[in-house]
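The values are calculated or read from the model by the stated rules, or taken from the named source; none is laboratory data. Note that the coordinates shown come from a computational prediction; the quantities given were computed from them, not determined experimentally. Neighbour counts run over all protein chains shown; Cβ positions are idealised from the backbone, glycine included. Side chains are part of the model used for accessible areas, which takes the heavy atoms of the whole protein and leaves out ligands, DNA and RNA. Shrake-Rupley method; radii C 1.70, N 1.55, O 1.52, S 1.80 Å.
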Amino acid sequence: MNRATTVFVSYFRRRINRDVTVIKILDSESYSPTTNSIRSYVTETKESNFKKLGNLPGRPHYLDAQATTPMDPRVLDAMLPYLVSWYGNPHSRTHAYGWESEAAMEHARSQVANLIGADPKEIVFTSGATESNNIAVKGVARFYKSKKKHIITTQTEHKCVLDSCRAMEGEGFDVTYLPVTTTGIIDLNVLKESIRPDTSLVSIMTVNNEIGVKQPIEEIGAICKERKIFFHTDAAQAVGKIPLDVHKMNIDLMSISGHKIYGPKGIGALYVRRRPRVRVEPVQSGGGQERGMRSGTVPTPLVVGLGAACEIAMHEMDYDHKWMEKLSQHLLDKITSRLPNVIRNGDPVHSYPGCINLSFAYVEGESLLMALKDIALSSGSACTSASLEPSYVLRAIGTDEDLAHSSIRFGFSRFTTLEEVDYTAERTIKDVERLREMSPLWEMVQEGVDIKAIKWSQH
Amino acid sequence: MANSRSVVLKLYKTMLREALEFDSYNFRMYALRRIRDGFRENMNIKDKAEISEMISYAKENLDIIKRQTTVGKLYSAEKLIIENSEPRENKLSSEKVIA
């Protein structure tokens, strides 16, 4: 211990000698004045979380890549210098600390822009896709509200788009929530019919977060361009995973998330077209950073991470996509060959293979999730995973109530191994069989009773 | 050509050996798979400039692997179920990669 620490410790002892716990920490040999208390929280939670899992022979396998992805080590490697040494504010113009951070920020901006075929000036950094969606929907609607008061979106959008639209309804806008077909894809004719002279914005997501369905973005973009309506797409689940080009697809605004593409959490971006110019009213007031659309200091390390994630995604897109196809094919083949009455939710062709949503008939989804506690899975969106309600996305594609209750989403990342998928399939098959064995409904089905024809008596 | 061949082979083996040091099962398996596929993909490149470009790209990644395996070890988590249930097989398959 150096002198300063000794003085500090003795000062502490005199000041709070009543506090027994503090004294204990100070007296213990392991005391280190800098990190012990912070680290102990990490180890404690690590231990208690592990205990919660019961007697598992290890950590569960992660198959929930739509909720979030692990950060790629290459991304962390790019970020670390900006977390350790180069801490300048990128908006500081008067010294080298600011300049080096600004250069890193602008480099990241071009990395993001390259991935979607945009100009770096068209990229606005935000805190994530939720904020991007808020700025896009509310910003465009409010800016053009004097002439146009109609927004079109779909029923299967992410909660933050639906809620933003709901908020705009409160401000006097009309919102059309387009229905989707049973495969989860919108009908382009319905979209065309819904367009009104005062429609200002169409907001349709690229890849659905629950069922992995890809919407026909290029066709929607063409329709919007023809009718001179702004087209926003929430591409949080699509960027870096499938090829996207804002010019080819006529996208005017696009939301991007960092932590869905192996980047850090708490960062995202919004693409806003410059020619023809799309104007948005900022949601947040402040210092006017990010062309005034999103005030607030840009977090250099996170932005560097997002940029690196985008560059890696561009480089690895084909390779990763092939891996996703391999994994999903393996899972589907194995499960459907050994289990009857398994329904895949969403379009089997027009979808992203890294997201497979399956319904296991006559099994309750929550109990299956409980049984599969050695695999980190979800029945749908993480935002609503606390409630037992069936997902609104599945209801929108017309899934029966009982099947909507028995859905599970399998999400793969580039780090998922074939062995993990094999293990997951094996465990799922075993548990579905076990749960069906216990189910009286399953027994009746085996005996040939048509469950749907039964009139359940009401008390 | 013979010279670059031995450089590439040495780099390949070094990268695989370093990648085995990833504490996380998923990162380790990904790195091994990516390195193997990456080298195989570019096996037939003849252009010298292209080869030297690929070598420097691999060297950059080798440095990243070295740093990130260290970071990974500093903040390691419990082993995954698969690793605990079949530790030998995992190790063997990784060793096979090198040989």
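Observations on the model:
- The stretch B:68-80: number of residues that are within 8 Å of another protein chain (Cβ to nearest Cβ), farther than 13 Å from B:Leu20 by Cα and either out of contact with any Lys or Arg (no Cβ under 7 Å at 6 or more places or on another chain) or not aliphatic (A, V, I, L, M) (or both): 3
- None of A:Thr182, A:Thr206 is β-branched (Val, Ile, Thr) and under 18 Å from the mean Cα position of the chain (by Cα) except A:Thr206.
- Qualifying residue in the stretch A:123-144 (condition: on the phi > 0 side of the Ramachandran plot and touching a Ser or Thr at 6+ places or on another chain (Cβ under 6 Å)): yes
- Qualifying residue in the stretch B:38-59 (condition: in contact (Cβ under 8 Å) with a residue 60 or more places away in the chain and either away from every other protein chain (no Cβ under 14 Å) or under 26 Å from A:Val75 (Cβ atoms) (or both)): no
- Each residue in the stretch A:53-107 was checked for being closer than 16 Å to A:Pro264 by Cα, open to solvent by less than 60 Å² (accessible area, probe 1.4 Å) and within 12 Å of chain B (Cβ to nearest Cβ), and 14 pass.
- Checklist (1) closer than 20 Å to A:Ile211 by Cβ; (2) crowded, with 21+ Cβ neighbours inside 10 Å applied to A:Ile151, failing item: (1)
- Residues satisfying the stated conditions in the stretch B:1-53, i.e. outside any helix (DSSP H, G or I), at pLDDT 95 or above and open to solvent by less than 80 Å² (accessible area, probe 1.4 Å): B:Leu20, B:Phe22, B:Asp23, B:Ser24
- Just one of the numbered conditions (1) within 14 Å of chain B (Cβ to nearest Cβ); (2) touching a strand residue (DSSP E or B) at 6+ places or on another chain (Cβ under 6 Å) is not true of A:Ser413: (2).
- A:Thr399 vs. criteria closer than 19 Å to A:Asn345 by Cα, touching a strand residue (DSSP E or B) at 6+ places or on another chain (Cβ under 8 Å) and not in a helix (DSSP H, G or I): yes
- Residue tally, condition over 24 Å from the mean Cα position of the chain (by Cα), open to solvent by 10 Å² or more (accessible area, probe 1.4 Å) and of a type outside the set (Phe, Trp, Tyr), over the stretch A:407-430: 5
- Annotation: of all residues in the stretch A:307-328 being in contact (Cβ under 8 Å) with a residue 40 or more places away in the chain and more than 27 Å from A:Leu358 (Cβ to Cβ), the one that is surrounded by the fewest Cβ atoms within 10 Å (Cβ to Cβ) is A:Met314.
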